[in-house]
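Report on the structure given below.
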Amino acid sequence: MARPNRSAEIDAALLQAVGQHPRDLVGMVAAQLGLSTARISMQVRALVAGGYLYKLGTTRPTYSLGPNRRFEHTYPRAGLAEDRVWHGDLLPLLERLPRNVLDIAQHGVTEMINNAIDHSEAAYVQVRMQQRDGRLLFEITDAGIGIFRKITRALDLPDERLALLELSKGKLTTDPQRHSGEGIFFTSRMFDAYRIESGGLVFDHDATHDLDLLDDTHDVAGTRVVMQLATDSPRTVEAVFSQFSSGPDDYAFARTVVPVRLARVGDENLVSRSQAKRLLQRVEHFRHVVLDFAEVARVGQAFADEIFRVFANAHPEVELLAVNALPEVQQMIRRAEVLRDEQGDQLPLLK
């Protein structure tokens, strides 16, 4: 990853310094960066025009933060600490936001920077932030190994696209000694929009649809994470955690939603037991598993039987709930449930 351009470096210095240097902002930043006051003044004018700085007076102006915020910096990964990025560089620009929004922003930024530090193997990590028009956006980028490639290798998956399926379930980490595997799952549900780009794949979670989407994009070297949140969002960190726990007094990560369509590779149909086993990998670690059949037109008898009879019999402690299933898919699920019922077991619910 290239080092940041000079304009971004100047912007970051100006926006960080304005609180303590409202009257000597231009001269102080010029001396700090070893640049001319004319160069800094040109950047100040652009920030004022964009609403990032507010200027009072003309001859000896006083500057303050405007309604908009912007930050960009590229850090060497070695020795980087995510809490220092948040408290030292980002929080001073965002302090006026509601507490719940700040909590979500802190959670997402620190989790994603920490992932880049521990997993990316990159030389640098770039952090970008922008707040304007009622939206808060963060972008964390590295030029490392790539998240989908790393998951594919760690789990010995036959195709990198299946890494998206594993991410959607949660409780996934390639370093269990230092990570719980919950960071991406919960962060993706705290923000209004959450997107990971790596290689030629995209993991996309949109809070308005509650779906994890597989898509193709331009080839991204390393990993880019983009998170967006309304600055007046009512969502809280606590509410998101409780949504996936087993009860109001139990904060264990007990519930997950699995998009069934992500078990497909390319245009293949979901017909085999091996595909069902692929879908069910690691779900025994949850107590409640919602299988979302949205965008699945049909499934085979063996696929449904492996999930709703074989797996259900082997793991009676796991509650399986199928949602958004079309009539043809429901019929296959019912066949498996009837056979299981004939064997004397409790049926999972279907709605």
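The values are calculated or read from the model by the stated rules, or taken from the named source; none is laboratory data. Everything numeric here is computed off the predicted structure, so don't read it as measured data. Areas reflect the complete protein model, heavy atoms only, side chains present, ligands, DNA and RNA absent. Shrake-Rupley method; radii C 1.70, N 1.55, O 1.52, S 1.80 Å.
Viscosity 1.567 mPa s, temperature 4 °C: Stokes-Einstein D of the stretch 12-51 from its Kirkwood Cα radius, in µm² per second?
130 µm²/s
Checking the a/c ratio against 1.5 first, then a/b against b/c, what shape does the Cα gyration tensor give for the stretch 58-129?
Note, shape of the stretch 58-129 comes out oblate.
Give me Rg/Rg_expected for the stretch 93-202, where Rg uses Cα atoms only and Rg_expected = 2.2 N^0.38 Å with N residues. If you can, show how the numbers build up before the last one.
On the way: Rg = 14.5 Å, N = 110, 2.2 N^0.38 = 13.1 Å.
Against the empirical 2.2 N^0.38 Å value, I get 1.11 for the stretch 93-202.
Pick out which of Thr231, Thr74, Thr58 has the largest mean-square fluctuation in a Gaussian network model of the chain, springs linking Cα atoms closer than 10 Å.
Thr58
Run the accessible area of the stretch 15-54 with a 1.4 Å probe and give the carbon-and-sulfur part as a rounded percent.
55 percent
Considering only protein heavy atoms, what per residue accessible area in square angstrom results for the stretch 23-154 with a 1.4 angstrom probe?
Values: 6290 Å² over 132 residues.
With the other protein chains kept in place, the stretch 23-154 gives 48 Å² per residue.
I want to verify the translational diffusion coefficient of the stretch 227-322 in µm²/s; compute it with Stokes-Einstein, Rh as the Kirkwood radius over Cα pairs, at 37 °C and 0.692 mPa s.
219 µm²/s
Just Val271, Val225, Val125 to compare: in a GNM of the chain, with alpha carbon springs under 10 Å, which one fluctuates most?
Val271
Could you state the per residue volume, in Å³, of the convex hull enclosing the Cα atoms of the chain? Walk me through the numbers before you get to the answer.
Values: hull volume 50.9 nm³, N = 351.
Roughly 145 Å³ of hull volume per residue.
Is the shape of the stretch 24-77 rounded, prolate or oblate, going by the alpha carbon gyration tensor and its root eigenvalues a ≥ b ≥ c, with a/c under 1.5 for rounded and a/b larger than b/c for prolate?
oblate
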